[in-house]
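Peer 1: Got a structure for you, questions after.
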Amino acid sequence: MAKARNIFTSFFQSERSGGFVLIGCTLISLIIANSAGGGGYLNFWHSHLDLSVGGILLDYSVEQWVNDGLMAVFFLMIGLEIERELYVGELSDLKNALLPIAAAIGGMVVPALIHILFNSGTPTHRGFGIPMATDIAFALGILSLAGKRVPVSLKIFLTALAIIDDLGAIAIIAIFYTSDFSVTWFLIALAIFAALFFLGKRRVFFLPLYLAGGIVMWYCMLKSGVHATIAGVLLAFAIPYPRTGGRNPSVSLQHGLHYPVAFIILPIFALANTAILLPKDLIKELTTPNSLGILLGLIVGKVTGIFLAAYLAVKVKLASLAPGLNWRWILGAALLGGIGFTMSIFISILAFPGNTDLINESKISILTASLISAILGILVLKRNGRRAGKQDRSA
């Protein structure tokens, strides 16, 4: 248990710091994109970068390399985090896991329904997955600003919720945002996964073997039409996670990836995907059906879905509140659930491929909703902290 607690503490610290770096990179990217030199900055991300691997020519823009290549590493880390949670974390005990599971499901379903309500029967209906996601790094970064009185159990709840949320987003990407599907390439990718999974079950712990196989699986998944980043998740579940003593390649790789992902890959993603020219009429941009679906989905749908699902789960005795938690703390965490950013931006790119206007409109809505959710969440959490302080002094 102590080891699991240490892993969580390390994770929380890196994600919190990474969230602040993401905020800084987002502001820098927006400022540069809308400055006098913004044209050159935008052209850089859209310029093509050819790479030949084993005689295979890969021709993609810098932005595509970031979104299809570097983000596969991010998804690998997400998969490793999910694996860790299933073995030794909050999700390893079904009774403890039921509260964040219920909250995450509510936090995905309600925002999606709100977007569908505004966009059903229109070309923008594909954006229903955009408001379903919660950004772990941003949410934990904002949570850390709430002060020392925030209970550890709330940090664990929000982390578990966001990880389950990511798993849901991965499933949505795999099922609904696949184009030009090739059965042959997909079956080859699955065969590679099966081989790596078999090696893991045979307790083969040689990480370079899994990473090499993962690169080939990534290429096959890319050619199949299923988004290549899914290969990162599959690779994570193929890497063995021994329950007892000795080497643990999954934990080793997770520790090795945390800082590169938090301080290199996600900041580059933020720079590449928030290079947005802000519209002259921002109000008009934020009041289209797609924008309203995203804004209300993240700001209203997330907090409503998370809080009500958690409340109902406790009321019907399916789950229980951990020591130190109350419904005011849950409300604050639910508000932070509206911080979409990384995964929401990623889904917007997949939802509207090639439609720069819709993608930029979605990104502006995501940034706006994330900012509002962060402010509301920190206000509620700060108030809770002051109330907890007064109760401690009066006790």
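Peer 1: May I ask you to give the percent of accessible area on region 346-387 that is carbon plus sulfur, with a probe radius of 1.4 Å?
Peer 2: Whole-percent figure for carbon plus sulfur exposure: 63.
Peer 1: Find how much the distance from Ile268 to Leu145 grows on full extension, using 0.36 nm per residue of separation minus their present alpha carbon separation; answer in nm with one decimal.
Peer 2: Once the chain is fully extended between Ile268 and Leu145, it gains 41.9 nm.
Peer 1: How large are Rg and Dmax for the chain when calculated on the C-alpha trace, in angstrom?
Peer 2: Gyration radius and largest Cα-Cα distance of the chain: 20.8, 72 Å.
Peer 1: Search the structure for amide H atoms under 5 Å from the amide H of Leu58, placed 1.01 Å from N in the peptide plane, and list their residues when 5 or more places away or on another chain.
Peer 2: HN-HN under 5 Å from Leu58: Leu51, Ser52, Val53.
Peer 1: Run the accessible area of region 171-311 with a 1.4 Å probe and give the carbon-and-sulfur part as a rounded percent. List each step's numbers first, then the result.
Peer 2: Values: 4680 of 6480 Å².
Accessible surface attributable to carbon and sulfur in region 171-311 totals 72 percent.
Peer 1: Packing-wise, with mean Cβ within 10 Å as the measure, how do 103-111, 350-358, 175-183 rank, highest first?
Peer 2: 103-111, 350-358, 175-183
Peer 1: Also, I was wondering about something else. Return the distance in nm (one decimal) between the two label points of a simple spin-label model at Leu117 and Thr356, each offset 7 Å from Cα along Cα→Cβ.
Peer 2: According to this spin-label approximation, the distance is 3.4 nm.
Peer 1: On average, how much area does the Cα convex hull of region 147-256 cover when viewed from any direction, in nm²?
Peer 2: 8.9 nm²
Peer 1: Between Ile339 and residues 5 or more places away or on another chain, which pairs have amide H atoms under 5 Å apart, with H built 1.01 Å from N, and which residues are they?
Peer 2: Here the answer is Asp135, since their amide H atoms fall under 5 Å of that of Ile339.
Peer 1: Still on this structure, I have one more. Test of the criteria: in region 309-395, which trypsin sites (Lys or Arg not before Pro) are in a DSSP loop and have at most 11 other Cβ atoms within 10 angstrom of their Cβ? Intermediate results must be reported in sequence, preceding the final value.
Peer 2: Working: sites: Lys315, Lys317, Arg328, Lys363, Lys382, Arg383, Arg386, Arg387, Lys390, Arg393; in loops: Lys317.
In loop regions of region 309-395 (DSSP not H, G, I, E or B), the sparsely surrounded trypsin sites (Lys or Arg not before Pro) are Lys317.
Peer 1: Can you run the Rg to Rh ratio on region 295-395? Use alpha carbon positions and the Kirkwood inverse-distance Rh.
Peer 2: Looking at region 295-395, the ratio lands at 1.12.
Peer 1: If I ignore ligands, DNA and RNA and count only protein heavy atoms, how much of His46 is accessible to a 1.4 Å probe, in Å² to the nearest 10?
Peer 2: Near enough 100 Å² of accessible area.
Peer 1: Report the local net charge at Ser47: Lys and Arg +1, Asp and Glu -1, summed over other residues whose C-beta lies under 15 Å from its C-beta.
Peer 2: -3
Peer 1: Restricting to DSSP H runs of at least four residues, report the calculated mean residue ellipticity at 222 nm for the chain, -39500 (n - 2.57) per run over all residues, nearest 500 deg cm²/dmol.
Peer 2: The helix contribution divided over the chain gives -22500 deg cm²/dmol.
Peer 1: For Leu209 and Arg386, compute 0.36 nm times the residue count separating them, minus their Cα-Cα distance, and round to one decimal in nm.
Peer 2: Values: separation 177, 0.36 × 177 = 63.72 nm, distance 5.19 nm.
Between Leu209 and Arg386, full extension yields an extra 58.5 nm.
Peer 1: Sticking with this structure for a sec: Rolling a 1.4 angstrom probe over the protein heavy atoms, how many square angstrom per residue are accessible across the chain?
Peer 2: 44 Å²
The values are calculated or read from the model by the stated rules, or taken from the named source; none is laboratory data. Here the structure is a predicted model, which means the values were calculated and not measured. Positions of Cβ are generated from backbone atoms using ideal geometry, with glycine treated the same way; all protein chains shown enter the neighbour counts. What goes into the accessible areas is simple: the full protein's heavy atoms, side chains included, and nothing from ligands, DNA or RNA. Shrake-Rupley method; radii C 1.70, N 1.55, O 1.52, S 1.80 Å.
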